[in-house]
Structures are given as C-alpha cells and as structure tokens.
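**Q** Quick one: structure below, then a few questions.
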Amino acid sequence: MRNKIKATFLSSKIQTSVLMWIGNLCLACILISFLTVIYPKLPEGWDVLSFAGAIIGGSITWFGVKRTLLEERRDSFITGYDLEMKELVELSDKLTFISNIYLSTEIALEQYRMANGEFVNENEKRTYIIQTKGLVIVKFIKTLEGSFDKLYGNVEFELIQKLKNKVKFMQAYKIYNKDLDGAIRLKGLDKFEEMVDEHQEKSEEIYSIIKDHIKERSQTYKRIKKSRKSL
C-alpha cells in the first residue's frame, strides 16, 4: 500500500523518463540479440558485448543527466515560487475590479442619481454607462502597464510577454478615452459601445490568464512537494 501511495505522487515527467530509459534498455537488448545472430558475418575485432554495454551505459548516463536537470529546474521553481506568487497575487488583487465592472457601473449610476437626479432619457443613461465602463477599462490598462517593471525578474518571462502583447492592442483605446464625448461623436454611440464591449472582453481575458497562471503554478508547486515527500 505504501508503495502504491508513493507511485501516485510521482510526477508524470519522472514516469515518462523512466519509461524512456526502460525502452532504451529494451532496444539495446534487441540489438544485442540481432548482433549475436549475425556476429559471424561481422568484421574481425568487433566486440558485441562492449558495443551493447556502451549503448546501455549511454542510456543510463542520459537518464541521470536528464533527472539532474529536472531536479535543478524544480529547485529553481521552488526557490522563486513565494516571490512569484506574491507578485502575481498582488497584481490579481489590483485588477480584480475588472471582473466586477457591472457592479462598478451600478454604483456609478447610483452616485449620478444622488448628485444630479434621474437621467433625462435612456440615451443619456446609456451614454453614461458606456463612458463609465470605458473609464474602468482604461484604469485596468494603466494598472497592468504600471506593474510590468515590478514583475520582471520575479515572474516567468513568457507570461509577462504574453500580457504585454495582449495589452499592446488596447493602446488606441486609451487615446479615445481622453475625450470620450468627442470619441462618441466621431464613431457614433453604437460603434463606440461595440469597441467598449470588445475591450472589456480583452481585459477579462487578460485577467483570466493571470488567474489561470496562479492556479497552474500553485498546482505544480504542490505536485513537486508531494512527489519529494513520497520518495
């Protein structure tokens, strides 16, 4: 039972490496058998056992190096895990408002009514909602952009580049929001609303990428810790 529990916690990478190593040994055995059959036809001076031993020894060396490199990557991951998670969780907390954009809009509407009374008509209310959502999205973009420098060196580089590439395509949106009234007159309310909705989806996608990365890193950390405890 104890061995079964240990096997359960072995990482998939280690299992794959072991299977590949066993596969190499099997191939070496097949090759030995093949060479034994044709040995009389081989040139004089060939040592079948030495040749096969070299293959097996190379396979064992390959597995040992691969295992060592894997453990070094795991050590590096665990060493930097706390700092990486700290930065990512802080960033996630700063950006969580994008997932509550509708709540932010409702609060803004209530604040408007308290200060100015009811809207003159539905079109005025719709315009105010679109503008409010637009400002929330701009805040999201600026918050994310302002966090990149702090992330470098602490967070996986590929994730930072992925986020930067995503937010790069939202730069024009910030320009429009410097003059919301002018942008709405230029593009028309319907077109501007479509643009706001599109960038809201992009913002929520970026937020999901960050949350998913936090979850994935946390699962990897737990898997590594469990596998080491079981050995």
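The values are calculated or read from the model by the stated rules, or taken from the named source; none is laboratory data. All figures in this text were calculated on a predicted structure; none of them were measured in a lab. Note: ideal-geometry Cβ built from the backbone for every residue, glycine included; neighbour counts use all protein chains shown. Remember, those area values only see protein heavy atoms, side chains included, never the ligands or the DNA or RNA. Shrake-Rupley method; radii C 1.70, N 1.55, O 1.52, S 1.80 Å.
**Q** Alpha carbon centre of the stretch 126-143 versus the stretch 179-209: separation in Å?
**A** First find each Cα centre; the distance between them is then 8 Å.
**Q** State the dimensionless ratio Rg/Rh of the stretch 57-203 (Rg: radius of gyration of Cα atoms; Rh: Kirkwood radius).
**A** 1.22
**Q** While we're here: Could you rank the peptides 110-120, 205-215, 127-137 by their average count of other C-beta atoms within 10 Å per residue, with the highest value first?
**A** 127-137, 205-215, 110-120
**Q** Could you give me D for the stretch 65-126, from Stokes-Einstein at 10 °C and 1.306 mPa s, where the hydrodynamic radius is the Kirkwood radius over C-alpha pairs? Units µm² s⁻¹, please.
**A** 99 µm²/s
**Q** Another question about this same structure. Using θ = phi - 60° and the Karplus relation 6.51 cos²θ - 1.76 cosθ + 1.60, list the HN-Hα couplings for the stretch 66-78 in order, rounded to whole Hz, with x at every Gly or Pro.
**A** 4, 5, 5, 5, 5, 5, 5, 5, 5, 4, 5, 4, 5
**Q** How many Å² of accessible area per residue for the stretch 75-120, probe 1.4 Å?
**A** 60 Å²
**Q** With θ taken as phi - 60° and the coefficients 6.51, -1.76 and 1.60, list the Karplus ³J(HN,Hα) couplings across the stretch 102-108 in order, rounded to whole Hz; mark glycine and proline as x.
**A** Listing the rounded values in order: 5, 5, 4, 5, 5, 5, 5 Hz.
**Q** Something else now. When the Karplus curve 6.51 cos²θ - 1.76 cosθ + 1.60 is applied with θ = phi - 60°, which whole-Hz ³J(HN,Hα) does each residue of the stretch 132-145 get, with x for Gly and Pro?
**A** Coupling constants for the stretch 132-145: 5, 4, x, 5, 5, 5, 4, 4, 4, 4, 5, 5, 5, 4 Hz.
**Q** Exceeding 18 Å between C-alpha atoms, which entries from my cross-link table qualify? They are Lys139/Lys202; Lys66/Lys229; Lys86/Lys229; Lys86/Lys168; Lys166/Lys202; Lys66/Lys215.
**A** In this structure, Lys66/Lys229; Lys86/Lys229; Lys86/Lys168; Lys66/Lys215 exceed 18 Å between Cα atoms.
**Q** Along the Cα→Cβ direction, 7 angstrom out, place labels at Asp181 and Thr220. What is the inter-label distance in nm?
**A** Placing both labels 7 Å along Cα→Cβ, they lie 5.0 nm apart.
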